[in-house]
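Where a number appears in this text, it was derived from the coordinates with a stated rule and is not lab data. These figures come from a predicted structure and were not determined experimentally. Cβ coordinates were reconstructed from backbone atoms using ideal geometry, including for glycine residues, and neighbour counts include every protein chain displayed.
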Amino acid sequence: MHSESPTTLVRAQERGTAGRATAVAHPNIALIKYWGKRDEHLILPRVDSLSMTLDVFPTTTCVRLAPGAGHDKVTLNGRPAEGEALRRVVAFLDLVRERAGSAHRAVVDSENTVPTGAGLASSASGFAALAVAAAASYGLDLDATALSRLARRGSGSASRSIFGDFAMWHAGLDSGTATEADLSSHAEPVPAGDLDPALVIAVVNAGPKAVSSREAMRRTVDTSPLYEPWAVSSKGDLTEMRAALLAGDIEAVGEIAERNALGMHATMLAARPAVRYLSPATLTVLDSVLRLRREGIPAYATMDAGPNVKVLCRRTDADRVAETMSETVPDGSVLVAKPGPGARLLRGDGR
Ligand code: DP6
């Protein structure tokens, strides 16, 4: 398990690196999905969610204050950010500046190793790394809970990438003031028994998606008659998932994760107009997963806002599952991920 606390690292680094900081964060895959917001501005979700942080596809982000500059300069994978991506980063930096009482613009340089926009959670690692690096460079003294809350404002799922291994993001208080709701909605680590899991990622299409998850979840909440029933059943799924994780019961963890994900996709299919991320290749992979189970290998699928499939299995079965996935999607790519660490500052500023 990865127990290092981002808090300690932020505190230890902050004096030396104020003005410039580099952080690394990994994506996470939800086993109980976040789908639907109750507050678009604060990014408060309608449901609790629970995920596993991965040990692959890290994002490394450097934030450097630029006193005197008239605007933020943001580079993503060596290219100047523009449009919606730039707008989201600048809005996030505005939030950090407001809290830090600073007017300084910043230079942000982010290297993302995950295919962006393919339903592989690039925004989770991206905003978790940005939250940790921006907080440190603007001199904010934030603990892990506060960093999770902050990362949430960039992208909901980023709140979970602050923590390693398994993390649950609380939807938070539904009554009370906006401040109370904001304070109550953050992730926290979730205890797990002897699970030794792997996630085999079958990338069937690494291209960007046609409908952003932000737009898709808005449309689902507004128009899908299946949304409320799924949100209600997701509550039960979460309770059962916590118990299954604690018991180290991979079969139960997999079954609950698979039904929760399929349910989420059902809500989208019933939206008006429908949102369909699952492609023919996705269904072929799902057939293979069923076949593996019939052969006695506990393997369970989950899909996010894209056609790619993540197959949960025991680490000892991961090679066999990966081989089956490679045969199933000969044109795709297959990769084995394990539980990974939480977001952290790089010592010596990563240079
Ligand atoms: C399907 O966190 O990308 O991956 O909060 O609008 O930025 P925003 O959405 P985002 O949505 C992720 C949705 C999901 C499920 C999950 O990760 O829980």
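At a threshold of 8 angstrom on Cα-Cα distance, excluding pairs fewer than six apart, so keeping six or more, what relative contact order does region 206-351 reach in percent?
Taking the mean separation of contacting Cα pairs over the length of region 206-351, I get 21 percent.
Give the shape of region 255-351 as rounded, prolate or oblate, defined through the alpha-carbon gyration tensor: a ≥ b ≥ c are the square roots of its eigenvalues, a/c under 1.5 means rounded, and otherwise the shape is prolate if a/b is larger than b/c and oblate if not.
Because a/c hits 1.5 or more and a/b fails to exceed b/c, region 255-351 counts as oblate.
Let me check I have the definition right: for region 37-190, take the eigenvalues of the Cα gyration tensor, multiply each by 5, take square roots. What are those semi-axes in whole Å, largest first?
In descending order, the three semi-axes are 24, 19, 14 Å.
With each label point set 7 Å from Cα along the Cα-Cβ vector, what nm distance links His71 and Arg218?
2.3 nm
Which residue fluctuates the most in the chain, going by a Gaussian network model with Cα springs under 10 Å, if the choices are Asp196, Asp237, Asp109?
With Cα springs under 10 Å in the chain, the top fluctuation among Asp196, Asp237, Asp109 is at Asp196.
Using only helices, what value at 222 nm comes out for the chain when you add -39,500 (n - 2.57) per DSSP H run of length 4 or more and divide by the total residues, to the nearest 500 deg cm²/dmol?
Dividing the helical sum by the residues of the chain leaves -13000 deg cm²/dmol.
Can you list residues from other chains, or at least 5 along the same chain, whose modelled amide H is less than 5 Å from the amide H of Ala171?
When sequence neighbours closer than 5 places are left aside, the close amide H contacts are Asp48, Ser49.
Kindly state, as a whole number, the per residue volume in cubic angstrom of the convex hull around the alpha carbon atoms of region 179-229.
So the per-residue hull volume is 210 Å³.
At 7 Å along Cα-to-Cβ for each site, give me the label-to-label distance between Glu98 and Asp331 in nm.
In this crude spin-label approximation the distance works out to 4.6 nm.
Using the Cα gyration tensor of the chain, with a ≥ b ≥ c the square roots of its eigenvalues, what is the shape: rounded (a/c below 1.5), prolate (a/b larger than b/c) or oblate (neither)?
prolate
On C-alpha positions alone, give me the angle between the axis of helix 280-294 and the longest principal axis of the chain, in degrees, nearest 10.
60 degrees
Among Thr223, Pro45, Ala210, pick out the residue whose Cα is farthest towards the positive end of the charge dipole of the chain, where Lys and Arg carry +1 and Asp and Glu carry -1 on C-beta, about the Cα centre.
Sorting the options by dipole projection puts first Ala210.
Within the P(r) computed for region 197-337, what percentage of the Cα pairs occupies the region above 19 Å?
53 percent
Once you've got the GNM for the chain with C-alpha springs shorter than 10 Å, pick whichever of Leu130, Leu262, Leu238 has the biggest mean-square fluctuation.
Most flexible of the set in this elastic network: Leu262.
Cα axis of helix 213-223 to longest principal axis of the chain: angle in degrees, 0 to 90, nearest 10?
Between the helix axis and the principal axis of the chain, the angle is about 60 degrees.
Against the longest alpha carbon principal axis of the chain, how many degrees, from 0 to 90 and to the nearest 10, is the axis of helix 227-247 turned?
Once rounded, the angle reads 90 degrees.
Scan region 52-106 for GluC sites (Glu not before Pro) in coil per DSSP, keeping those whose Cβ has at most 15 other Cβ atoms within 10 Å, and list them by number.
Glu82
Report the calculated FRET efficiency for Leu290 and Glu82 (r = Cβ-Cβ distance, R0 = 56 Å), to the nearest 0.05.
Result of the calculation: an efficiency of 0.85.
Amide H neighbours of Val200 under 5 Å, at least 5 residues apart or on other chains, H built in the peptide plane: list them.
Excluding prolines and chain starts, which carry no amide H, the hits are Val311, Leu312, Cys313, Ala337.
Around Ala252, under 14 Å between beta carbons, what's the net of Lys plus Arg minus Asp minus Glu among the other residues?
Local net charge: -3.
Take the alpha carbon atoms of region 177-211, find their center, do the same for region 303-323, and report the distance between the two centers in whole angstrom.
Here the two parts' Cα centres lie 16 Å apart.
What residue among Tyr277, Pro298, Ser288 has its Cα farthest toward the positive end of the dipole of region 267-306, where the charges are +1 on Lys, Arg and -1 on Asp, Glu, each on the Cβ?
Toward the positive end, the furthest listed residue is Tyr277.
Convert each backbone phi in region 107-113 into a coupling constant with the Karplus relation 6.51 cos²θ - 1.76 cosθ + 1.60 (shift: θ = phi - 60°), then list the ³J(HN,Hα) values in order as whole Hz, x for Gly and Pro.
Working through the residues one at a time gives 10, 10, 10, 10, 10, 10, 9 Hz.
Taking the Cα centre of the chain as the origin, how large is its charge dipole in debye, to the nearest 20, when only Lys and Arg (+1) and Asp and Glu (-1) carry charge on their Cβ atoms?
860 debye
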